[in-house]
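A short worksheet on the structure shown next.
The values are calculated or read from the model by the stated rules, or taken from the named source; none is laboratory data. As the structure is a prediction and not an experimental result, all values here were calculated from the model. Every residue, glycine as well, gets a Cβ built from its backbone with ideal geometry; the counts of neighbours run over all protein chains shown. Note: accessible area is taken over every heavy atom of the protein model, side chains too, but ligands, DNA and RNA are not part of it. Shrake-Rupley method; radii C 1.70, N 1.55, O 1.52, S 1.80 Å.
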Amino acid sequence: MLTYILKRAIFMVPMLLGITIISFLIIHLPPGEPGALGMEMNPKVTKEVRERVRALYDLDKPLHIQYYLWMKRFVKLDFGRSFSSDRRLVIDKITERLPITISLNLLALMFELVFGIPIGVYCARYKGSALDKGLTAFVFAGFAIPTFWLALLCMLLFGVYLDLLPITGLKSFNFSELTFFGKIADIARHLVLPVFISSIGGLAGMSRYMKSSLLEVLRQDYITTAYAKGLPEGMILRKHAVRNALLSVITLLGMAVPGLIGGSVIFETIFGIPGMGQLFYMSVMSRDFPVIMGILVIGAFLTLVGNLLADVALAVADPRIRLG
Amino acid sequence: MAGRIALGLLALLLIFSCGKKEEIGKYDDPGQPAYGDTLITSSIGEASNLIPLLATDGASHDIAGYIYNGLVKYDKDLKIVGDLAESWDFSPDQLTITFHLRKNVRWQDGKPFTARDVLYTYKVTIDPKTPTAYSSDFLMVKKAEALDDYTFRVTYDKPFAPALISWGSSILPQHLLEGKDITTSPLTRSPVGTGPYKLKEWIAGDRIVLAANPDYFEGRPYISRVIARVIPDPATQFLELKNGGIDMANLTPLQFVRQTEYPKFNREYNKIKYLGFNYVYLGYNLKHPFFKDKRVRQALTYATNRQEIIEGILLGQGVVADGPYKPDMWAYDPNVRKYPYDPKKAEALLRDAGFVKGADGRLSKDGKPFEFTIMTNQGNDVRIHCAELIQRWLAALGITVKIRVIEWAAFVNQFIDARKFDAVLLAWTIPQDPDIFDIWHSSKQGTKELNFMGFENREVDELLVKARQTFDQEERKRCYWRIQEILAEEQPYTFLFIPYATVAAQKRIKGIEPAPAGITYNFTKWYVPADQQRYRTEQERK
């Protein structure tokens with residue numbers, strides 16, 4: 001087992017290296033340079049200023065040198081400074097946004113699990129019933145509806161017409177003056193819409209996965225055996241069927257790990273939530289190469305780790321993999 | 001299970017029910033100026049750096065505008081008045097400006113403001129190690145010196161009219177910055193200025209909170225706090241405005257005219273408009289064989305129904321532009337040649353220029369059909385719609401127009417810089433100082449320079465130089481009026497329109513008076529009467 005993990009971990013290094021090269025090339029492909037975008041078409045910016053700024057960012061050097069310089073810093077786990085005019089450390093910019101995105105996505109993931117699995121189980125057990133069809137239609141609708149559109153509709157309904165929920169942000173303007181419970185309620189009120197909207201798509205995936213893999217399991221001989229020896233149905237489902245069916249959910253969870261830090265550009269932008277997705281979007285728009293690279297590398301790393309974790313977790317949960 | 005669900009629902013209900021906004025009666029009573037309350041605004045992007053010298057984004061400059069002062073500023077009629085400078089005088093040869101500074105000004109950390117701060121600001125701006133976009137005006141200074149604590153003198157090689165307002169740049173605190181690397185200074189995130197507001201809190205990506213500076217030299221501003229929220233999505237911003245979550249926002253023409261026309265909104269908000277500081281134009285590549293002939297350019301302007309553009313696309317929220325200035329500026333010449341929509345005249349001019357109509361109704365000259373492409377940047381629907389209307393009008397004359405919409409960076413780098421375009425539909429900012437040398441002088445045609453149309457006119461060149469070498473407003477006015485006459489005759493651009501800036505502001509905020517300079521020039525005098533204040537801090541309630 002340990003050698004397996006070790007082997008996988010070592011293999012991650014060349015993979016990560018390849019990812020950085022490809023990412024670096026791709027983000028330098030489109031026209032436009034950092035800093036220059038703010039200065040484009042500005043009569044006050046002379047040629048000398050332009051050259052000076054380019055030199056400051058090492059943009060006057062050929063691409064492979066730029067990559068080398070970046071790599072030299074990166075091996076020391078230094079992501080460099082942002083190209084945007086605040087010149088802050090990339091790692092600071094990322095760490096101040098990471099907690100927000102992670103906690104939001106964890107909440108959404110929990111929401112998906114808590115509702116997705118029971119829906120899947122129910123739909124598998126009572127396949128073809130009216131409720132199964134209804135639930136299936138509901139989750140598919142949730143999957144198919146464009147998130148941004150649903151988000152705007154919900155904001156219009158709950159925010160503007162009913163005036164029940166705040167529309168954007170995470171905290172009210174007077175947050176610092178609220179009592180402890182007031183603060184919790186304030187954040188909870190702000191979270192209702194974003195968490196609901198961001199999990200509605202995943203809910204469909206989760207419940208469908210659960211349903212199909214449970215159906216698969218329910219067809220197995222040992223389930224028939226369990227029924228035959230007269231076990232109560234609840235016990236069959238809980239002890240024998242669902243446990244086995246959950247294996248596929250573990251794979252799904254492994255794939256969700258990079259999403260936890262990636263955040264969603266769309267709903268973070270719409271809800272005005274200062275998370276990673278927003279940071280990434282703004283960095284791309286302003287060609288802030290160090291920040292883009294930082295986020296891409298961390299994301300790639302977490303994807304690889306997530307896959308590894310999922311495999312390990314599968315091995316732990318499933319003796320066939322562990323022993324075989 | 002049912003019990004648990006009920007409990008969950010109850011919790012949800014509790015979450016929903018608390019924290020509704022307190023209702024406050026009518027806002028129509030102008031009341032008396034009072035201290036207090038909070039103004040919440042929002043912007044699409046977040047400020048990046050609160051040392052304005054280092055920032056190129058609008059969001060940073062908007063926030064910095066509350067925190068810093070320059071030596072001079074524009075008043076509501078765009079006249080230059082003193083800010084940190086009480087007065088100034090020119091030497092007889094107009095090469096030297098001597099500023100007399102205010103004596104009662106303190107930095108927000110309590111240290112007094114002196115001429116050393118001004119000298120430092122000048123030095124750091126021209127320092128080659130400072131990555132700033134704003135050094136060009138200061139690089140024309142021959143000598144800068146602080147004569148004493150409250151007198152500052154600059155000398156130029158030749159008289160330079162925009163020099164005076166270049167001292168409107170934010171003055172930085174020398175005692176906190178001198179000898180340190182300005183790019184990594186803590187002041188980029190927690191600025192210290194002399195202005196009416198100071199930074200209280202900055203939650204990255206979410207909001208910036210400013211608090212009134214009680215010691216501000218022009219008196220404490222009435223509004224106690226300003227919160228600038230970051231809401232990246234314009235649709236969300238509009239919803240948040242309708243919901244009362246922000247107090248002031250820019251509206252699109254559609255929002256201004258239609259989507260806010262309902263009683264509740266009109267009860268809560270004042271809708272304000274003033275002429276914006278920009279104009280939209282269709283610019284011709286003057287090296288293009290067809291566009292070399294001014295009759296062709298005049299014809300295209302006659303063929304463009306600018307009034308219909310304003311009615312149809314801007315829903316009336318704009319005025320026709322007939323030159324590079326807006327009508328409420330002193331440099332604007334109202335008597336230039338006008339080009340009302342007249343397709344007949346356009347047709348006649350094109351015939352004079354040698355174009356003939358073929359059997360298929362299309363124009364051509366020497367066997368070459370009249371075809372060209374209008375390029376514009378992605379993400380601006382108004383410009384794209386304008387191009388579509390122009391395409392239709394010109395098609396009626398027998399001219400084939402193609403439209404290409406390109407992402408901004410690619411547009412600038414691959415087409416504008418390479419001069420690979422027939423005509424572009426873009427906009428210019430209208431500068432508050434009327435100096436337009438960089439756009440129209442024939443020497444400004446290099447890469448990355450702004451006369452990319454290739455406009456060359458000896459008389460305009462001379463007038464542009466003459467106008468920037470005198471401080472006499474009447475003299476400058478004569479120059480700029482003549483330049484506008486020439487531009488109107490030459491039509492290197494078809495000047496399309498100047499849009500109105502359309503703003504909604506919560507009604508409890510009083511004292512907003514639109515003027516040529518916009519609305520924020522008197523921000524410190526805005527107030528909310530005591531009985532209409534909405535957001536009070538715990539302290540203020542006691």
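Quick notes on this one:
- Single residue of region B:374-427 satisfying the filter (of a type in the set (D, E, K, R) and without any contact (Cβ under 8 Å) to a residue 12 or more places away in the chain) that is least open to solvent (accessible area, probe 1.4 Å): B:Asp381
- In the condition set (1) assigned to a helix (DSSP H, G or I); (2) modelled with pLDDT of 90 or more; (3) touching a Phe, Trp or Tyr at 6+ places or on another chain (Cβ under 8 Å), B:Ala299 is compliant with all but (3).
- Which listed residue is under 30 Å from A:Ser198 (Cβ atoms) and touching a residue at least 40 places away in the same chain (Cβ under 8 Å), from A:Gly120, A:Gly80: A:Gly120
- Subset tally (residues that are more than 27 Å from A:Asp92 (Cβ to Cβ) and surrounded by fewer than 18 Cβ atoms within 10 Å (Cβ to Cβ)) for region A:279-308: 1
- Any chance B:Ala488 is in contact with an Asp or Glu (Cβ under 7 Å, 6 or more places away or on another chain) and of a type in the set (A, V, I, L, M, F, W, C): yes
- Odd one out for A:Leu231, checked against (1) more than 26 Å from the chain's Cα centre (by Cα); (2) surrounded by fewer than 17 Cβ atoms within 10 Å (Cβ to Cβ); (3) part of a helix (DSSP H, G or I); (4) of a type in the set (A, V, I, L, M, F, W, C): (3)
This table checks each residue for (1) in contact (Cβ under 8 Å) with a residue 60 or more places away in the chain; (2) open to solvent by 30 Å² or more (accessible area, probe 1.4 Å); (3) not assigned by TED's automatic domain parsing to the domain that holds B:Lys477.
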{"residue": "B:Thr98", "(1), (2), (3)": "no, no, yes"}
{"residue": "B:Arg102", "(1), (2), (3)": "yes, yes, yes"}
{"residue": "B:Tyr120", "(1), (2), (3)": "no, no, yes"}
{"residue": "B:Ile126", "(1), (2), (3)": "no, yes, yes"}
{"residue": "B:Asp137", "(1), (2), (3)": "no, no, yes"}
{"residue": "B:Ala161", "(1), (2), (3)": "yes, no, yes"}
{"residue": "B:Pro173", "(1), (2), (3)": "yes, no, yes"}
{"residue": "B:Val209", "(1), (2), (3)": "no, no, yes"}
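- Of the strands (runs of 3 or more DSSP E) entirely within region B:231-293, those holding at least 2 residues that are surrounded by 20 or more Cβ atoms within 10 Å (Cβ to Cβ) and assigned by TED's automatic domain parsing to the domain that holds B:Gly318 occupy B:278-284.
- Taken together, the residues in region A:53-103 that are within 10 Å of chain B (Cβ to nearest Cβ) and loosely packed, with under 15 Cβ neighbours inside 10 Å amount to 2.
- Condition met for A:Phe267 (within 14 Å of chain B (Cβ to nearest Cβ), open to solvent by less than 30 Å² (accessible area, probe 1.4 Å) and among the hydrophobic types (A, V, I, L, M, F, W, C)): yes
- Criterion (touching a Ser or Thr at 6+ places or on another chain (Cβ under 7 Å) and part of a helix (DSSP H, G or I)) met by exactly one of A:Phe111, A:Phe115: A:Phe111
- From A:Ser176, A:Ser103, residue being over 25 Å from the mean Cα position of the chain (by Cα), polar (S, T, N, Q) and part of a helix (DSSP H, G or I): A:Ser176
- Hey, A:Leu164 assigned to a loop (DSSP other than H, G, I, E, B) and in contact with a helix residue (DSSP H, G or I) (Cβ under 9 Å, 6 or more places away or on another chain) or not: yes
- Residue check for A:Glu48: modelled with pLDDT of 85 or more, open to solvent by 60 Å² or more (accessible area, probe 1.4 Å) and assigned to a helix (DSSP H, G or I): no
- Test result for B:Leu463, open to solvent by less than 30 Å² (accessible area, probe 1.4 Å), over 28 Å from B:Lys365 (Cβ atoms) and either assigned to a loop (DSSP other than H, G, I, E, B) or more than 11 Å from chain A (Cβ to nearest Cβ) (or both): yes
- Members of region A:135-181 found to be surrounded by 15 or more Cβ atoms within 10 Å (Cβ to Cβ), closer than 27 Å to A:Gly202 by Cβ and of a type in the set (Phe, Trp, Tyr), listed by number: A:Phe138, A:Phe143, A:Phe148, A:Phe158
Yes/no per residue for (1) charged (D, E, K, R); (2) open to solvent by less than 30 Å² (accessible area, probe 1.4 Å); (3) under 25 Å from A:Glu48 (Cα atoms):
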position: B:Pro434; (1), (2), (3): no, yes, yes
position: B:Asp438; (1), (2), (3): yes, no, yes
position: B:Lys448; (1), (2), (3): yes, no, yes
position: B:Phe452; (1), (2), (3): no, yes, yes
position: B:Phe471; (1), (2), (3): no, no, no
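- Looking only at residues in region B:484-540 that are out of contact with any Phe, Trp or Tyr (no Cβ under 9 Å at 6 or more places or on another chain) and among the basic types (Lys, Arg), the one that is least open to solvent (accessible area, probe 1.4 Å) is B:Arg534.
- Residue-level analysis places B:Thr155 outside the set of residues that are among the hydroxyl-bearing types (Ser, Thr, Tyr), touching a helix residue (DSSP H, G or I) at 6+ places or on another chain (Cβ under 8 Å) and touching a residue at least 24 places away in the same chain (Cβ under 8 Å).
- Close Cβ contacts (under 7 Å, 6 or more residues apart or on different chains) running from residues in region A:6-23 that are under 22 Å from A:Pro290 (Cβ atoms) to residues that are among the polar types (S, T, N, Q) and open to solvent by less than 90 Å² (accessible area, probe 1.4 Å) are absent.
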